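Engineer: Have a look at the structure that comes next, please.
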Ligand SMILES: [Zn+2]
Ligand SMILES: [Zn+2]
């Protein structure tokens, strides 16, 4: 077998090593943020130790007393175990020993948990599901590893026979479906069992954890690393679940590295563990994760899973940019890598972390569509953090937590969401709100297409909101350009609706000469039959103005539709703008104005809506949108420009550039080339043209505009028109 | 005459003195925040000096080109003049001289401003109204004072004859109504003229500025100090206008002190100028002014007028608490007092500013009702700034900017508005929103009673929204108690509605034993005839839960009423809670839950509303309220308790105490005593009782509760009931 058995005296041997411990013992003698954290944790554990040990017979489901008690127990054992290593004070080791002895008494008496759902295939014993049981094992085996030097042979036998061997058996050979499954629950099970293998000197467990129970490689930790992440480290449920999934990957990988460095686990699949960590960071704006799919919006990079991730990544790479993230996280971890982070932060070594424009290919092979992030510094930037981001989502469905939002986009500016996604409809752990679970409105509104900024055909959601169909199909990502002043991406899908092809091209451009950034959106819809097409813009802020008349439903208003999310939208007003340029301006709390200018046909409508209809328990946030609607149409291009401008500063009593500078917009579709012409109030004109297919840098394209021919090489042309 | 004429070489002689300048010249040689500010201002002025001087013929109204140009000119002259004093670089003095010479050429040619409103009695010449003309004089006379040592006799003659003597004449003897008026516009005129009197050696002007044109004392600056502030320094339009009014008071007072210290202007009326400054600070929460009357909510203590106020107050008192405010303001002023603030801040002398519980008597004599601020540290306080405040408003009308909101309240906690006031309906300077002026909805909604948290009778506003009636009547403030754990205040008014007496008693209490703070609200309505009474709670946050069923208007909803603000409220849902305790819980973005528990009769209703009906231009913010409604009633007491509780932390994934701990509420009305009994889930009971009249500390009161007699001395009793 691949790893040599170590003596018990070589404890600890998982996330932190004996060398780490030696360094940490020195560090807690000197002032610094590591010592501060150590003392804080010591106070917390000392306080908990005033209470008697309680290892209750499992009775309650998630959130209930016994569930929470067993969670507290594994955290306390882990922390006390580490304190024993750091202080060598036996009282901490005794706590872990006594608690584990009680578990060793209890565990053999347990059948599956009484709150196990009938027919559920992932039961636990201490907890209602095996996921929590595995998390218990991941923490407790580390605690056990910490205190091993303080245990007698007899205690070791009792603990291993009473709890660790039975729980490993229960989570592996007795739970083959979950253990072998390529899914984040499986990662917790394989990680717990594998780490127990190192500590109990059972190389076979490690092999099974890595390669499936039958060691075929069809399941297990490595297969999970192969399939749950794209080659760039993107997890297809989105960042909210990615940061959650991260924890067992990084923990077990670290333990593998400690015990069997020859496996080069951190080099596996071209460094996929590290990529998974850095991609999680990249999938954030102003500290918060992009809220795609089922995501709670306040979750951000300071989440404990990513604190661990950044700590381990810094330990591996010494990348000082990661220290800036650690600084924002402001949480020191008591591990060897945590010490390195603390010392580097104390020494002021942090450098700015580079947030990049990236197209993250989706799916295990990276070809199932993509999640595209385009960024640039805001041209009129006020602060270092004043950057812009466009999220473009021609990504795969993202399994059960995915939303029916193919080709949707979001826009961020000056620290805030401007064109937004609802995120998940959920009040986490708030009992009064549907027990703290996903609200019914998560399905009836948040997952539906109309709650996103993408085209809805005939008021039906993509794939008719059928998850299986969603999982079986994905958009094709056509191209991505990341030049200094132009970020450009395009994607298409013909499976969201039968007989309808949706193609969207988004550009985030910067016109330095005019001190202006813009988002250009070209959404082409092409169908065999006539349909109604709706393209919503869910905006954050206060409506200021439109250059067309609104017909407000001002004494009575009704829901916009009956199903697929439409039943949750109040129709506040409607308009039929004249042919030409339609403008909608709103003001965000961040003090900046935003204008969307769009090309109107003269018979298209704009509907103004607010979330809140058919919501008798007031579960939804009352946010606003406007919806571009065309009816009885086979082919349509929605063309628009989003323009951030000006400043509203009532505190200092000034308002500047409250009105849009875009005075005209034209669209030309020439064979392979689409061109958008933007005219500004001062007469300046710019054209953005692109070849609709992915082309090489030398490929020549041409198009005509206002009787003049233009040629360009490569994917696009951004040019000022001289008259 | 009272002041001795100083030679021209004694310039400057207004806000900063020669001694100040000497100190400032030393300070700009040494590193520190004063020098930093000086260099910043110098860069700004140097940049503006690259442009040619422009003194255009007046043409435009407020916001227009010539209006803004003349405003920029006086600011530039003031800053350049001060730079000349500090650097002794003649180029700055030459700028002021050249500009003033151009004004001296222009001014004698001007008639009243072309944009003067027909029939308006306060025209300007450089500006459309005399207010701006006076502000021009206040700044320009200081600039002139700064550069006097650099002017020839001929230049002096030209400037004084061409501009200063004519503008003083125009603003004083030619504008007697405005000059003599006891109003903040009058303060600017008297201040400008008085300061010009010191500089041009015209003691008569000073006398007129102080005592009315006829020196009778019926008008003028001192009369303004007598009447525009209450004895405690409260300005009855509220803090938003108070900070604006402050500027000419403090500027002219400082100039008086410099020239005629024997007038003891800062001791005048028991130190009213200083009180006006500190009261403005006190009328804020978390840096923002309480938004009563026509107030834009983002205005706070960092406003430039209060920066000047705090600077002068620190110069007078050396109170290091003011330095904490200056720290928050983060703006250094280039004056003698500004230097003192800068040096003290650099030396780390700032100490916490004490925000207090105060009843500010309203009106010139302090007896026209009161504005009551009750504060306490939040018992479960997380940070230093985690304090609570109740604003209770049995104040006078507050003139033209006043709202019809007698006895309304607001509640603030954990940095945020919880029970809120709409403030003004206005987007300052946003042309698309009604020219940036007060929106029509300011009158149709924001000023109306229903937009406040006070009782509305028969869907009509207080005084039927008649300003004259409002100004002629005011509530009677009955008492105010400011004890450690109990802040208590009561007031009554019988003139808001004919035949209806409204009496409200609010208490902000702290039960340290239970780690709980509460607001107790007793609103007694007593009328001769039957009426409908509505008591709204405008809350900020997301509705979580009620302990009674809601009947939601979920497919169609309509405006609640037709006029007096009701036409702007959508009726989202209604309920008729059972007799007993009704609970409404919401969650604020600050992460805390709030529950209002109220006593219901069984036939009273609760209506859930959202602002936005009859708002065809989307001018209003879509905020939520619930309204307690009783119909066909002569006498009713609305009894409620507001309870902050728990924490929602989706980022760290925990939620604690999401439900109310109040399980019962009872109300006893015994002759002179009202008692409210609060029962908690754990069985603990507390009674708050108070004598309804203002009584002495020794006055004995008694009441019966559940068959038991209670006695207390003084205004109130807060007692835990033992069984
Ligand atoms: Zn979504
Ligand atoms: Zn108001």
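The values are calculated or read from the model by the stated rules, or taken from the named source; none is laboratory data. This structure is a prediction, so every number in the text was calculated from the model and none was measured. When we count neighbours, we look across all protein chains shown, and the Cβ atoms used for this are built from the backbone with ideal geometry, even at glycine.
Engineer: Please work out if residue B:220 is more than 14 Å from chain A (Cβ to nearest Cβ), farther than 26 Å from residue B:470 by Cβ, at pLDDT 95 or above and touching a helix residue (DSSP H, G or I) at 6+ places or on another chain (Cβ under 9 Å). Walk me through it before giving the result.
Structural biologist: Working: more than 14 Å from chain A (Cβ to nearest Cβ): yes; farther than 26 Å from residue B:470 by Cβ: yes; at pLDDT 95 or above: yes; touching a helix residue (DSSP H, G or I) at 6+ places or on another chain (Cβ under 9 Å): yes.
The answer is yes for residue B:220.
Engineer: So which of A:534, A:458 ends up being touching a residue at least 12 places away in the same chain (Cβ under 8 Å), more than 16 Å from ligand 2 (Cβ to nearest atom) and either surrounded by fewer than 18 Cβ atoms within 10 Å (Cβ to Cβ) or within 14 Å of chain B (Cβ to nearest Cβ) (or both)?
Structural biologist: On the way: A:534 fails: either surrounded by fewer than 18 Cβ atoms within 10 Å (Cβ to Cβ) or within 14 Å of chain B (Cβ to nearest Cβ) (or both).
None of the other options fit; the residue is A:458.
Engineer: How about segment A:255-305: which of its residues are outside any helix (DSSP H, G or I), away from every other protein chain (no Cβ under 12 Å) and within 27 Å of residue A:438 (Cβ to Cβ)?
Structural biologist: From segment A:255-305, those outside any helix (DSSP H, G or I) are A:260, A:264, A:283-303; that's our starting set.
Right, trim to away from every other protein chain (no Cβ under 12 Å) and you get A:260, A:264, A:283-286, A:290, A:292-294.
Of everything in segment A:255-305, those that are outside any helix (DSSP H, G or I), away from every other protein chain (no Cβ under 12 Å) and within 27 Å of residue A:438 (Cβ to Cβ) turn out to be A:283, A:284, A:285, A:286, A:290, A:292, A:293, A:294.
Engineer: Scanning segment A:200-255 for residues that are more than 14 Å from the chain's Cα centre (by Cα) and at positive phi, which turns out surrounded by the most Cβ atoms within 10 Å (Cβ to Cβ)?
Structural biologist: Among residues in segment A:200-255 that are more than 14 Å from the chain's Cα centre (by Cα) and at positive phi, the one surrounded by the most Cβ atoms within 10 Å (Cβ to Cβ) is A:220.
Engineer: Taking residue B:423 as the residue in question, decide whether it is part of a helix (DSSP H, G or I) and either within 16 Å of ligand 2 (Cβ to nearest atom) or away from chain A (no Cβ under 14 Å) (or both). Reasoning before the result, please.
Structural biologist: Working: part of a helix (DSSP H, G or I): no; either within 16 Å of ligand 2 (Cβ to nearest atom) or away from chain A (no Cβ under 14 Å) (or both): yes.
So residue B:423 fails the test.
Engineer: For segment B:401-415, does any single residue satisfy the condition of being within 14 Å of ligand 2 (Cβ to nearest atom), closer than 30 Å to residue B:657 by Cβ and part of a loop (DSSP other than H, G, I, E, B)? Break it down into steps so the answer makes sense when it comes.
Structural biologist: Of the residues in segment B:401-415, the ones within 14 Å of ligand 2 (Cβ to nearest atom) are B:401-410.
Now narrow it down to the ones that are closer than 30 Å to residue B:657 by Cβ: B:408-410.
Checking which are part of a loop (DSSP other than H, G, I, E, B) leaves us with none.
For segment B:401-415, residues within 14 Å of ligand 2 (Cβ to nearest atom), closer than 30 Å to residue B:657 by Cβ and part of a loop (DSSP other than H, G, I, E, B): absent.
Engineer: Report whether or not residue A:585 is within 11 Å of another protein chain (Cβ to nearest Cβ), crowded, with 19+ Cβ neighbours inside 10 Å and in a strand (DSSP E or B). Spell out how you get there, then give the answer.
Structural biologist: Working: within 11 Å of another protein chain (Cβ to nearest Cβ): yes; crowded, with 19+ Cβ neighbours inside 10 Å: yes; in a strand (DSSP E or B): yes.
Yes; evaluated as a whole, the condition is true for this residue.
Engineer: Sticking with this one: When only residues in segment A:553-565 that are within 14 Å of another protein chain (Cβ to nearest Cβ) and not in a strand (DSSP E or B) count, which is farthest from residue A:630 (Cα to Cα)? Steps first, please.
Structural biologist: At the first step, the residues of segment A:553-565 found to be within 14 Å of another protein chain (Cβ to nearest Cβ) are A:553-563.
Then keep just the ones that are not in a strand (DSSP E or B); that gives A:553-555, A:560-563.
Details: A:553: 20, A:554: 24, A:555: 26, A:560: 15, A:561: 16, A:562: 19, A:563: 19 Å.
Only one residue tops the list, namely A:555.
Engineer: Mind listing just one residue for me: the one in segment B:591-632 that is assigned to a loop (DSSP other than H, G, I, E, B) and more than 12 Å from chain A (Cβ to nearest Cβ) and, of those, nearest to residue B:536 (Cα to Cα)?
Structural biologist: Per the stated criteria, the residue is B:604.
Engineer: Consider residue A:348 carefully, then state whether it is without any contact (Cβ under 8 Å) to a residue 40 or more places away in the chain and surrounded by fewer than 24 Cβ atoms within 10 Å (Cβ to Cβ). Steps first, please.
Structural biologist: Details: without any contact (Cβ under 8 Å) to a residue 40 or more places away in the chain: yes; surrounded by fewer than 24 Cβ atoms within 10 Å (Cβ to Cβ): yes.
Here the answer is yes, as residue A:348 does meet what is asked.
Engineer: Which of the residues belonging to segment A:456-469 are under 14 Å from residue A:498 (Cβ atoms) and either within 14 Å of ligand 1 (Cβ to nearest atom) or in a strand (DSSP E or B) (or both)?
Structural biologist: Residues of segment A:456-469 that are under 14 Å from residue A:498 (Cβ atoms), as a first pass: A:457-458, A:460-464, A:466, A:469.
A:457, A:460, A:461, A:462, listed by residue number.
Engineer: Also, I was wondering about something else. Looking at segment B:672-705, which of its residues are touching a strand residue (DSSP E or B) at 6+ places or on another chain (Cβ under 8 Å) and not in a strand (DSSP E or B)?
Structural biologist: Taking segment B:672-705 first, the residues touching a strand residue (DSSP E or B) at 6+ places or on another chain (Cβ under 8 Å) are B:672-681, B:684-695, B:697-705.
Result: B:672, B:681, B:684, B:692, B:693, B:694, B:695, B:697, B:698, B:699.
Engineer: A follow-up question, please. Which number in (1) modelled with pLDDT of 95 or more; (2) over 18 Å from residue A:357 (Cα atoms); (3) away from ligand 1 (no atom under 16 Å from the Cβ) marks the one condition that residue A:453 misses?
Structural biologist: (3)
Yes/no matrix, rows are residues, columns are (1) touching a strand residue (DSSP E or B) at 6+ places or on another chain (Cβ under 9 Å); (2) in contact (Cβ under 8 Å) with a residue 24 or more places away in the chain; (3) assigned to a loop (DSSP other than H, G, I, E, B):
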| residue | (1), (2), (3) |
| --- | --- |
| A:177 | no, yes, no |
| A:186 | no, yes, no |
| A:191 | no, yes, no |
| A:201 | no, yes, yes |
| A:215 | no, no, yes |
| A:224 | no, yes, no |
| A:243 | yes, yes, no |
| A:252 | no, yes, no |
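Engineer: Just give me the residues in segment B:309-324 being surrounded by fewer than 24 Cβ atoms within 10 Å (Cβ to Cβ) and in contact (Cβ under 8 Å) with a residue 40 or more places away in the chain, in sequence order.
Structural biologist: B:316, B:317
Engineer: What do you reckon, is residue B:59 touching a helix residue (DSSP H, G or I) at 6+ places or on another chain (Cβ under 6 Å), loosely packed, with under 15 Cβ neighbours inside 10 Å and not in a helix (DSSP H, G or I)? I'd like the intermediate steps shown before the answer.
Structural biologist: Working: touching a helix residue (DSSP H, G or I) at 6+ places or on another chain (Cβ under 6 Å): yes; loosely packed, with under 15 Cβ neighbours inside 10 Å: yes; not in a helix (DSSP H, G or I): yes.
Yes.
Engineer: Taking the residues in segment B:648-663 that are surrounded by fewer than 18 Cβ atoms within 10 Å (Cβ to Cβ) and touching a strand residue (DSSP E or B) at 6+ places or on another chain (Cβ under 6 Å) as candidates, determine which candidate is nearest to the other protein chains (Cβ to nearest Cβ).
Structural biologist: B:656
Engineer: While we're here: Within segment A:399-450, how many residues turn out to be away from ligand 1 (no atom under 12 Å from the Cβ) and at positive phi?
Structural biologist: Number of matching residues: 8.
Engineer: For segment A:537-552, which positions are away from every other protein chain (no Cβ under 11 Å), out of contact with any helix residue (DSSP H, G or I) (no Cβ under 8 Å at 6 or more places or on another chain) and in a strand (DSSP E or B)?
Structural biologist: A:537, A:539
Residue-by-condition table, conditions (1) more than 30 Å from residue A:425 (Cα to Cα); (2) within 16 Å of ligand 1 (Cβ to nearest atom):
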| residue | (1), (2) |
| --- | --- |
| A:239 | no, yes |
| A:291 | no, yes |
| A:301 | no, no |
| A:318 | yes, no |
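Engineer: Separate question: crowded, with 19+ Cβ neighbours inside 10 Å, more than 30 Å from residue B:296 (Cβ to Cβ) and touching a residue at least 60 places away in the same chain (Cβ under 8 Å), is that true of residue A:641?
Structural biologist: yes
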